[in-house]
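First the structure, in the form of structure tokens, and then the observations on it.
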Amino acid sequence: MRSTLRVVTAVTALVCGATAEIASAGFPCPLPCPPVVRIEKRVITCFRTEYRTEFKEVSKTVFRTVPEVVEQEVRETVPVTTWREEERQRTIMVPRTVEVTKQRTVVHTDWREEPRQRIVKVPVTKEIERSFTVTVPDVREEKRQKTILVPDVHEEERQRLVTNVKVVPENHKKQIVSLVPASVSAVDPCTGCVRSYCGVAPVAQEVNFTILRKVPEQHVENYKVRVATLRPETQVFTVKVPTVREEVRTERVPVTTFVDKVETYTVRVPVQRTEVQAYKVPVTELVPQVQVYKVKVPEVRQEVRVRKVQVTVNKQVPEVIVEKVPYTVSIQVPYQVTVCVPSVCNP
């Protein structure tokens, strides 16, 4: 809005300057009404500078290492092994087997019969009557009590914090600038009289407006809830209890006893006798013997040999390459801007 006031003031000054020039030039015509100022929007083209990176090809010479294989003569001393035969002697132990007579004592066992006596237990069985006590299972009824928890529901009153949103109107003031018709004073160059003409002038006004603002309000609210609980309850029930009672019973059972009895039997008794026996055993003994044998003895002599080997040598070879080098270029880029231009319109 300040820029609009500045434009209107500049246009008014321009009109007044033009009127003064006409009056100084001596034109006899009367001064017309001041022109009406109108704001127009125009699109103009401007340019800004942008920097871009581009690449250009540049030739340069580089030296590359190229491997090259070359044959070279190498003299080396190699040990050469030769073999010669030698006769040697050694003493070995040769096994020989001979028979040797030895004696040993052998034990022989003979058997003879003898009569003997022994006392054995002979079983005798007879029936006797005896009493015994047995346990007989029985069932009796009993009344018992137990406490169980029965689910129950009751209402409880509780409180909670509730937030409500309330719309509250608020009055505010702001200033706006508007163009209103007004009289403009100007000096007539012919007569020198001051005249008033119609025109527009910016006026700042305060305007009242109302906005609605949401204000949260909190209050305590009572509500009822159903609470599940367990209450104890006693129940009487009848159970069958197993019991045991004793009974005396009589039965006839066979009883076995043992009676001593003398018994005659025949046994075989071992009788040992010794006997001397002669026997031959082969015995192995070692006899020394001289043996002649041939062995190969190695002899090492030094021999100079020449051989050709391939050696890799690095060679520097010049090479021209082309590579891209970055550089910065400034470019004028057009862009459009919308501006407000005041225009003078004659009535």
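The values are calculated or read from the model by the stated rules, or taken from the named source; none is laboratory data. Because the structure is a prediction, the values reported are computed rather than measured. Note that we place each Cβ from the backbone using ideal geometry, even for glycine, and neighbour counts take in every protein chain shown.
A few notes on this one:
- Residue within segment 228-243 that is over 30 Å from ASP138 (Cα atoms), loosely packed, with under 10 Cβ neighbours inside 10 Å, in contact with a strand residue (DSSP E or B) (Cβ under 8 Å, 6 or more places away or on another chain) and in contact (Cβ under 8 Å) with a residue 60 or more places away in the chain present: yes
- Filtering segment 294-346 to residues that are in contact with a strand residue (DSSP E or B) (Cβ under 7 Å, 6 or more places away or on another chain) and under 30 Å from GLY199 (Cα atoms) leaves THR338, VAL339, CYS340, VAL341, PRO342, SER343, VAL344, CYS345.
- Residue match in segment 264-278 (condition: basic (Lys, Arg), modelled with pLDDT of 85 or more, touching a Ser or Thr at 6+ places or on another chain (Cβ under 6 Å) and closer than 30 Å to ASP110 by Cβ): no
- Check on GLU157, closer than 30 Å to VAL225 by Cα and part of a strand (DSSP E or B): yes
- Residue in segment 71-86 that is of a type outside the set (Ser, Thr, Tyr) and under 60 Å from the mean Cα position of the chain (by Cα) present: yes
- Lone qualifier among GLU299, GLU303, GLU319 - being closer than 30 Å to THR65 by Cβ, acidic (Asp, Glu) and in contact (Cβ under 8 Å) with a residue 40 or more places away in the chain: GLU319
- Residue tally, condition more than 21 Å from ARG38 (Cβ to Cβ) and either without any contact (Cβ under 8 Å) to a residue 40 or more places away in the chain or in contact with a helix residue (DSSP H, G or I) (Cβ under 6 Å, 6 or more places away or on another chain) (or both), over segment 156-203: 12
- Residues of segment 160-175 classified as under 51 Å from the mean Cα position of the chain (by Cα) and either farther than 15 Å from GLN218 by Cα or outside any strand (DSSP E or B) (or both), total: 0
- Of all the listed residues (VAL187, VAL203, VAL180, VAL153), the sole one being within 30 Å of GLU221 (Cβ to Cβ) and either loosely packed, with under 10 Cβ neighbours inside 10 Å or at pLDDT below 85 (or both) is VAL153.
- Checking each residue of segment 303-315 against the condition of being among the charged types (D, E, K, R), modelled with pLDDT under 85 and surrounded by 10 or more Cβ atoms within 10 Å (Cβ to Cβ) gives at least one match.
- Among the residues listed as THR264, THR284, THR257, THR250, the single one being surrounded by 10 or more Cβ atoms within 10 Å (Cβ to Cβ), in contact (Cβ under 8 Å) with a residue 60 or more places away in the chain and either among the aromatic types (Phe, Trp, Tyr) or assigned to a strand (DSSP E or B) (or both): THR257
- Residue in segment 5-18 that is surrounded by 10 or more Cβ atoms within 10 Å (Cβ to Cβ), of a type in the set (A, V, I, L, M, F, W, C) and either modelled with pLDDT of 85 or more or assigned to a loop (DSSP other than H, G, I, E, B) (or both) present: no
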